[in-house]
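*Asks:* The structure is given below, and queries will be raised subsequently.
The values are calculated or read from the model by the stated rules, or taken from the named source; none is laboratory data. If you're wondering where the values come from, they're calculated on a predicted model, not measured in any experiment. Positions of Cβ are generated from backbone atoms using ideal geometry, with glycine treated the same way; all protein chains shown enter the neighbour counts.
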Ligand SMILES: Cc1cc2nc3c(=O)[nH]c(=O)nc-3n(C[C@H](O)[C@H](O)[C@H](O)COP(=O)(O)OP(=O)(O)OC[C@H]3O[C@@H](n4cnc5c(N)ncnc54)[C@H](O)[C@@H]3O)c2cc1C
């Protein structure tokens, strides 16, 4: 596979014009009718601005999690919702990821979040009115190392108990599922036909459109700079342009959620961790459809993308940082692994690449729910690379928590307090 050296910025799939605020001069004259008109407009604008200064719920972060929560809140009848986004909608991890959707997790908690989300994704077009481009081609895990065998055997037993239609496949069967994957060193594979990959930007667009119809206001270029707390409860937020009173503030700031939580004097153990994606040109002779295939020992994964192949792999030397520039020095490592596992890629070249940030927690599970000691502050972050597939469940559960005070799926294991009590929920299958 030839390698093109220069970096190409990923396209920003969610192009939205930032909301612009019109400012009229506040001049007074009783004689000039055009100035009277200006005064009327000014009063109207003032009223709109005043309305914006209070909301029932403020959501910090305009990624897929914030948008899903906003949409699900409207379904439960909440109307006065403000989503504040520092940059542009989808400009965080939501615009940078691989779109993978799977049931095959090693923790029961993650499996249940996926089981809660999957039906929503399967009927997304009907429910939300936007095609999520869900390619339900399955996930194929290739297990090559002894050290991973027991963990996957345990997962297979758990999947069977929870009704996950994943099965163990031999190396030969794995080859039958993806003939261009090398399987001579594969101990066994696991395959779940319900898994696949979707287009996160389409999902985000859908949630935003439906939430707007439900009355939600999305503001771009509106970084939250302060969170006000009074007598142990949240009372509002401040951006550079506005002070907004709100009794419920949701932290859906993705990899930046730790920074946002600090504004409310809350410590969230969420770290930004850079991950790369490279996309190839067309690959002559490659089958049209194949499962999202993962070489588990290295975390290398591949799926079809824009006529070529999307390749992802974690750099094990990566340290937590907010840097999402592409490290082109890492590309040859990923390409070498890809050529070894998928030799047909010899026929193509790398077209583009980008990097984004995982929102990593110590146990690779999200932090969901209220925070002891600060009434009205709700976290929905720390998805550790799984936030797109868990966005439908998260939106629904956080909306239930805010409106009903309880959730239809028990998420108490995902409370922030687990890091204090040491009751972590481990996840083995992170790629
Ligand atoms: C390379 C890569 C591959 C991935 N692959 C997958 C995958 O296959 N499947 C999957 O499910 N997940 C995947 N993920 C993870 C997924 O992208 C995230 O879990 C998900 O996008 C999180 O959504 P979010 O809305 O919480 O965060 P984001 O999309 O990051 O949104 C948070 C938003 O908050 C905004 N913000 C931050 N601070 C402030 C502030 N002070 N005020 C206002 N706004 C603020 C940011 O600008 C940002 O837009 C991948 C991630 C990466 C990087």
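*Asks:* Quick check on residue 177: is it under 27 Å from residue 390 (Cβ atoms) and touching a strand residue (DSSP E or B) at 6+ places or on another chain (Cβ under 9 Å)?
*Replies:* The answer is yes for residue 177.
*Asks:* Of all residues being away from the ligand (no atom under 14 Å from the Cβ) and part of a loop (DSSP other than H, G, I, E, B) in segment 74-86, which is nearest to residue 57 (Cα to Cα)? Just the residue, please.
*Replies:* 80
*Asks:* Another question, then. Just to be sure I understand, how many residues within segment 122-137 are closer than 25 Å to residue 178 by Cα and either surrounded by 23 or more Cβ atoms within 10 Å (Cβ to Cβ) or away from the ligand (no atom under 14 Å from the Cβ) (or both)?
*Replies:* Matching residues across segment 122-137 total 3.
*Asks:* Within segment 373-385, take every residue that is near the ligand (Cβ under 8 Å from one of its atoms) and surrounded by fewer than 24 Cβ atoms within 10 Å (Cβ to Cβ) and give me the one that is farthest from residue 264 (Cα to Cα).
*Replies:* Filtering first and then ranking leaves 385.
*Asks:* Determine if segment 152-160 includes at least one residue that is modelled with pLDDT of 95 or more and part of a loop (DSSP other than H, G, I, E, B).
*Replies:* No, segment 152-160 has no match at all.
*Asks:* Testing residue 136 on (1) more than 20 Å from residue 410 (Cα to Cα); (2) under 16 Å from the mean Cα position of the chain (by Cα), one condition comes back false. Which one is that?
*Replies:* Against the list (1) more than 20 Å from residue 410 (Cα to Cα); (2) under 16 Å from the mean Cα position of the chain (by Cα), residue 136 comes up short only on (2).
*Asks:* Hey, another quick one. Any residue in segment 86-101 that is more than 24 Å from residue 313 (Cβ to Cβ) sitting within a Cβ distance under 6 Å of a residue that is more than 6 Å from the ligand (Cβ to nearest atom)? List the pairs, counting only those 6 or more apart or interchain.
*Replies:* 88/16; 88/220; 89/14; 89/16
*Asks:* Now, a different point. Against the conditions (1) touching a helix residue (DSSP H, G or I) at 6+ places or on another chain (Cβ under 7 Å); (2) assigned to a strand (DSSP E or B), where does residue 67 fall short? Just the number, please.
*Replies:* Condition (2) is where residue 67 drops out.
*Asks:* Suppose we keep only residues that are more than 23 Å from residue 235 (Cβ to Cβ) and away from the ligand (no atom under 16 Å from the Cβ) within segment 392-414. Which one would you say is surrounded by the fewest Cβ atoms within 10 Å (Cβ to Cβ)?
*Replies:* 406
*Asks:* Among the residues of segment 313-348, write down those that are more than 21 Å from residue 99 (Cβ to Cβ), in contact with a strand residue (DSSP E or B) (Cβ under 6 Å, 6 or more places away or on another chain) and in a helix (DSSP H, G or I).
*Replies:* Those that are more than 21 Å from residue 99 (Cβ to Cβ), in contact with a strand residue (DSSP E or B) (Cβ under 6 Å, 6 or more places away or on another chain) and in a helix (DSSP H, G or I): none in segment 313-348.
*Asks:* Every residue in segment 87-114 that is touching a helix residue (DSSP H, G or I) at 6+ places or on another chain (Cβ under 7 Å), more than 12 Å from the ligand (Cβ to nearest atom) and assigned to a helix (DSSP H, G or I), please.
*Replies:* Matches in segment 87-114: 108, 109, 111.
*Asks:* Which strands (runs of 3 or more DSSP E) sit wholly inside segment 219-312 and have at least 2 residues that are touching a strand residue (DSSP E or B) at 6+ places or on another chain (Cβ under 7 Å) and either farther than 27 Å from residue 67 by Cα or not assigned by TED's automatic domain parsing to the domain that holds residue 403 (or both)?
*Replies:* 271-280, 292-295, 300-305
*Asks:* Within the group 383, 377, which residue is closer than 19 Å to residue 429 by Cβ and outside any helix (DSSP H, G or I)?
*Replies:* That would be 383, the only listed residue that is closer than 19 Å to residue 429 by Cβ and outside any helix (DSSP H, G or I).
*Asks:* Across segment 218-234, what is the number of residues that are surrounded by fewer than 21 Cβ atoms within 10 Å (Cβ to Cβ), more than 14 Å from the ligand (Cβ to nearest atom) and touching a residue at least 40 places away in the same chain (Cβ under 8 Å)?
*Replies:* Residues flagged as surrounded by fewer than 21 Cβ atoms within 10 Å (Cβ to Cβ), more than 14 Å from the ligand (Cβ to nearest atom) and touching a residue at least 40 places away in the same chain (Cβ under 8 Å) within segment 218-234 amount to 3.
*Asks:* Follow-up. Is one or more of the residues making up segment 351-372 modelled with pLDDT under 95, in the same structural domain as residue 64 (by TED's automatic domain parsing), away from the ligand (no atom under 16 Å from the Cβ) and not in a helix (DSSP H, G or I)?
*Replies:* Yes, segment 351-372 has at least one match.
*Asks:* Looking only at segment 181-216, which residues are closer than 30 Å to residue 130 by Cα and not in a helix (DSSP H, G or I)?
*Replies:* The answer is 191, 192, 193, 194, 195, 196, 197, 198, 199, 214, 215, 216.
*Asks:* Quick check on segment 171-212: of everything there that is closer than 23 Å to residue 115 by Cβ and over 23 Å from the mean Cα position of the chain (by Cα), which residue is surrounded by the most Cβ atoms within 10 Å (Cβ to Cβ)?
*Replies:* My answer is 189.
One line per residue, one yes/no per condition, for (1) more than 19 Å from the chain's Cα centre (by Cα); (2) closer than 16 Å to residue 276 by Cβ; (3) buried (at least 17 other Cβ atoms within 10 Å of the Cβ):
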| site | (1), (2), (3) |
| --- | --- |
| 322 | no, yes, no |
| 332 | yes, yes, no |
| 342 | yes, no, yes |
| 357 | no, yes, yes |
| 361 | no, no, yes |
| 371 | yes, no, yes |
| 387 | no, no, yes |
| 390 | no, no, yes |
